[in-house]
1. Right, B:I79: under 25 Å from B:T142 (Cβ atoms) and modelled with pLDDT of 85 or more or not?
2. Could you look through region B:143-152, keep only residues that are assigned to a helix (DSSP H, G or I) and surrounded by 21 or more Cβ atoms within 10 Å (Cβ to Cβ), and pick out the one that is farthest from the other protein chains (Cβ to nearest Cβ)?
3. Can you go through B:G63, B:G73 and tell me which one is more than 14 Å from every other protein chain (Cβ to nearest Cβ), modelled with pLDDT of 85 or more and in contact with a Ser or Thr (Cβ under 9 Å, 6 or more places away or on another chain)?
4. Is there a residue in region A:45-58 that is surrounded by fewer than 12 Cβ atoms within 10 Å (Cβ to Cβ), modelled with pLDDT of 75 or more and closer than 30 Å to B:T50 by Cβ?
5. If you check B:L192, B:L140, which single one turns out to be assigned to a helix (DSSP H, G or I) and crowded, with 17+ Cβ neighbours inside 10 Å?
6. Taking region A:6-63 as the search range and keeping residues that are facing another protein chain (nearest Cβ under 9 Å) and among the basic types (K, R), which one is nearest to B:F106 (Cα to Cα)?
7. Can you find a residue that is within 11 Å of chain A (Cβ to nearest Cβ), out of contact with any Cys (no Cβ under 9 Å at 6 or more places or on another chain) and either surrounded by fewer than 13 Cβ atoms within 10 Å (Cβ to Cβ) or modelled with pLDDT under 70 (or both) anywhere in region B:85-92?
8. Residues being within 15 Å of the chain's Cα centre (by Cα), surrounded by fewer than 19 Cβ atoms within 10 Å (Cβ to Cβ) and hydrophobic (A, V, I, L, M, F, W, C): count how many of those fall in region B:22-49.
Amino acid sequence: MKGDLTELLMISCEKAAKLICEGLDRPLSFRERVQLRFHVMMCSACKAFQKQNEALLQLFEQRFRKLSASQMEALSEEACERLQRRVREAAEAAENPSDSE
Amino acid sequence: MQESGAHPETPKGSAPDPLVWIAEHGDVLYRYALARVGRPDVAEDLLQETFVAALRSKDGFQGRSSERTWLTGILRHKIMDYFRSRSRGLPEAQPMSHEDALDEFFDERGRWIEPPQAQAARPDALLERDDFWAVFDECLDTLSPRHREAFVRRVMEDEDTSTVCKALKVTATNFWVMMYRARTQMRRCLMLKWFQAGEPEG
């Protein structure tokens, strides 16, 4: 009984790392969650791996998903004018196709 | 995705005016692009391409979604093209060998060869640091083109698994493996190049 339980719970660091990453893209099964929690409890390397992944994920989320208006620079006036000019030129070039696509 | 669906007739209003687009959506689209590509000049180029493409598809915007959503959709395609085209200039061998080497994170018994160490990193402090995002960009380049596309779509564009699988023509299981590799490699690269080398902060 005890042997079965250990076998059930024991996973390698490689498996744990895989579960940590896959947990971001799919729901883990109950068994996988238990295995992972048990492993991370005892393994400082995988705990560090998990923490780093969470920290990075948080960082990516803030940058790519929850961009708040104040967080990043906007188009400068200069860039805005440049962009207007370039769009106008490109649009004109497209209407008079002497250039290639 | 946004492209499909009905085309309810909506008043077209005046002819599309890129200057109005730039005034109304320029900042938002620019931030969107800059957050992903990390370089102001590239972000500006992508915006230009987006507006020109929008102009050319005169009847592209049908009022199905907001004008901004429509423009963002075009921009997203331009961003994906950018990441795809960038991979053409890279030597194939290097990212591939990185990829092969991934399994060498673990020994034959599945134990870490270089165990990750706890860091005292404060991620929020990194958000506004351009040099961090330059390193991020370098790390993105070490991924193989397929892994990079998977990573960009899933993490940066927040596409769901089934959408990415369809786009990349892979099964979900393959996709999870790809993402596992991409994430592990990105983590390692960032740790090596930034957290350990760059920041002496304890």
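The values are calculated or read from the model by the stated rules, or taken from the named source; none is laboratory data. The model shown is predicted, which means the values in this text are computed figures rather than measured ones. Here Cβ is always computed from backbone atoms with ideal geometry, including for glycine, and neighbour counts include all displayed protein chains.
1. Yes; evaluated as a whole, the condition is true for this residue.
2. Our first condition is that a residue be assigned to a helix (DSSP H, G or I); within region B:143-152, this holds for B:145-152.
Those still in the list that are surrounded by 21 or more Cβ atoms within 10 Å (Cβ to Cβ) too: B:147-148, B:150-152.
Details: B:H147: 12, B:R148: 14, B:A150: 10, B:F151: 10, B:V152: 10 Å.
Checked region B:143-152; the qualifying residue farthest from the other protein chains (Cβ to nearest Cβ) is B:R148.
3. After ruling out the rest, the residue left standing is B:G73.
4. No, region A:45-58 contains no residue that is surrounded by fewer than 12 Cβ atoms within 10 Å (Cβ to Cβ), modelled with pLDDT of 75 or more and closer than 30 Å to B:T50 by Cβ.
5. B:L140
6. A:K15
7. First, the residues of region B:85-92 that are within 11 Å of chain A (Cβ to nearest Cβ): none.
Within region B:85-92, not a single residue is within 11 Å of chain A (Cβ to nearest Cβ), out of contact with any Cys (no Cβ under 9 Å at 6 or more places or on another chain) and either surrounded by fewer than 13 Cβ atoms within 10 Å (Cβ to Cβ) or modelled with pLDDT under 70 (or both).
8. The qualifying residues number 1.
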